[in-house]
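Heads up: the structure comes next, in structure tokens.
Derivation of every value follows stated rules applied to the coordinates shown; laboratory data play no part. From a predicted model like this one, the values you see are computed outputs, not experimental measurements. Virtual Cβ from ideal backbone geometry, glycine too; neighbours counted across all protein chains shown.
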Amino acid sequence: MQSRIAFALHFVIGPTLMGILVTVALSMGYDTARPIIIAVIAGFVIAIPVSWLVARKITHLVKT
């Protein structure tokens, strides 16, 4: 159950973190393709444990 929730949450949390990191990269003056791609990949990777933690918290709150 928790893995399905985490998978669904990743579709929301992933693009949000990617957008935040791309915005940060652009506001810092990194406007070439390489820093933007790195920011997108970093957002995707960071979203994996964040989604898992949020899903774990949701399942913990639902069980009690």
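Angle check, please: helix 33-63 long axis (alpha carbons) against the longest principal axis of the chain (alpha carbons), in degrees 0 to 90, nearest 10. Compared with the principal axis, the helix lies near 10 degrees. Computed over neighbours whose Cβ is under 14 Å from that of Arg56, the net charge equals +3, Lys and Arg +1, Asp and Glu -1. Remark: spin-label model distance Ala33-Phe11 equals 2.9 nm, labels positioned 7 Å along the Cα→Cβ axis. If R0 is taken as 35 Å, the Cβ-Cβ distance between Ala42 and Val62 corresponds to a FRET efficiency of 0.70.
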